[in-house]
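To start, the structure under review is shown below, and the notes come after it.
The values are calculated or read from the model by the stated rules, or taken from the named source; none is laboratory data. Predicted model, so just to flag it, every value in this text is computed and none were measured. Cβ coordinates were reconstructed from backbone atoms using ideal geometry, including for glycine residues, and neighbour counts include every protein chain displayed.
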């Protein structure tokens with residue numbers, strides 16, 4: 001009986017015997033304790049992902065508004081030197097901003113009205129002379145190619161419902177509502193940019209004080225220095241565009257005078273202004289009007305003018321613009337060219353317009369924090385007349 005009691009009693013483990021790990025009920029693995037930071041890390045990660053997705057969604061919805069605000073800020077940068085000059089002479093900033101904007105608007109409005117009147121008159125003249133031009137072209141085609149073309153036949157084909165002119169008229173009539181909506185949207189965006197630009201320029205000191213009040217003194221100095229650089233670089237960009245526009249206007253005025261094209265002064269100013277202030281398609285818009293006037297006056301002059309415009313555009317793109325941009329913005333021509341391409345890819349026409357001043361601002365601000373060292377003399381670093389010069393003798 002004593003032996004049976006001893007056999008049923010469980011042996012007690014030794015005091016120093018190692019404890020074996022407890023087996024999981026769900027498997028044969030070891031069930032360790034979960035780290036305390038893991039649930040919190042999972043929650044924080046999920047919140048970051050949700051915040052990122054929400055921010056990306058809001059950015060997509062507010063993209064148009066953000067573009068208008070950015071464009072308005074650059075307009076304010078361009079207006080602020082003149083506004084500051086007037087404010088230093090006793091003008092209130094709101095009145096000075098309104099005066100500068102009104103002056104710019106009147107100049108541009110008067111120019112657009114003059115050019116618009118010119119366009120209407122030239123289109124009317126072209127419509128009057130179109131039948132005679134058509135007869136001359138058909139006579140030349142019949143004599144050269146032994147064709148049997150007539151004005152009546154071509155007119156019937158063009159104006160038939162299945163013809164190109166009839167189809168274009170039907171499409172245009174169907175898109176009248178869409179065209180009107182687009183025009184109203186552009187007008188709304190234009191005046192929205194002007195409104196934002198007015199407040200950002202008129203209340204510039206108040207806006208800067210509000211931003212600086214949230215920052216320590218060291219950061220305030222950096223913000224104000226960045227703001228000052230932005231104003232200087234934007235002014236340099238506008239100066240470079242106006243300088244290029246003046247050179248373009250003078251060159252085209254000389255050619256228009258030699259060809260005897262009427263309204264040479266107005267057409268030259270049109271080319272100089274539109275080609276520089278309208279990004280991407282400005283050159284083509286600028287060339288259309290003088291070519292139309294030359295075509296009305298003498299078709300052969302239009303061909304000569306077209307050749308000159310193409311040649312001058314190449315000279316401007318590869319010779320004048322890189323050098324003037326490098327002087328006014330202290331930017332390498334290759335960097336300026338790449339900035340325009342990148343800006344157009346990201347924000348379209350607005351990005352192409354703002355790419356160069358934005359790049360110049362970033363380059364100047366970042367460059368002040370980069371430490372530079374003296375370069376050792378070497379054949380590969382010798383610079384002469386703006387280019388590398390290697391003596392191979």
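Observations, loosely collected:
- Test: residue in region 34-47 that is in a helix (DSSP H, G or I), within 30 Å of residue 348 (Cβ to Cβ) and either modelled with pLDDT of 85 or more or touching a strand residue (DSSP E or B) at 6+ places or on another chain (Cβ under 9 Å) (or both): no
- In the set (1) closer than 30 Å to residue 338 by Cβ; (2) not in a helix (DSSP H, G or I), residue 288 fails one condition alone, (2).
- Of all residues in region 283-311, those satisfying the criterion of being surrounded by fewer than 19 Cβ atoms within 10 Å (Cβ to Cβ) and within 22 Å of the chain's Cα centre (by Cα) are 284, 285.
- Selection count where residues are under 16 Å from residue 87 (Cα atoms) and surrounded by 12 or more Cβ atoms within 10 Å (Cβ to Cβ), scope region 186-216: 7
- Exclusive hit being out of contact with any helix residue (DSSP H, G or I) (no Cβ under 8 Å at 6 or more places or on another chain), closer than 30 Å to residue 228 by Cα and outside any loop (DSSP other than H, G, I, E, B), set 137, 107, 75, 120: 107
- Listed by first and then second residue, the pairs with beta-carbon distance under 7 Å, at least 6 apart or on different chains, first residue in region 215-244 and outside the structural domain of residue 360 (by TED's automatic domain parsing), second surrounded by fewer than 17 Cβ atoms within 10 Å (Cβ to Cβ) and outside any helix (DSSP H, G or I), are 223/215.
- Evaluated against (1) assigned to a helix (DSSP H, G or I); (2) closer than 30 Å to residue 312 by Cβ, residue 219 falls short on exactly one condition, (2).
- Any hit, region 327-341, residues being at pLDDT 80 or above, within 30 Å of residue 116 (Cα to Cα) and assigned by TED's automatic domain parsing to the domain that holds residue 242: no
- Any hit, region 361-381, residues being surrounded by fewer than 12 Cβ atoms within 10 Å (Cβ to Cβ), closer than 30 Å to residue 115 by Cβ and modelled with pLDDT of 80 or more: no
- Some residue of region 252-275 being on the phi > 0 side of the Ramachandran plot and over 19 Å from the mean Cα position of the chain (by Cα): yes
- For the condition over 30 Å from residue 74 (Cβ atoms), within 35 Å of the chain's Cα centre (by Cα) and surrounded by 12 or more Cβ atoms within 10 Å (Cβ to Cβ), residue 121 qualifies.
- The listed residue being more than 26 Å from residue 331 (Cα to Cα), in a helix (DSSP H, G or I), at pLDDT below 85 and in the same structural domain as residue 305 (by TED's automatic domain parsing), out of 258, 265, 274: 265
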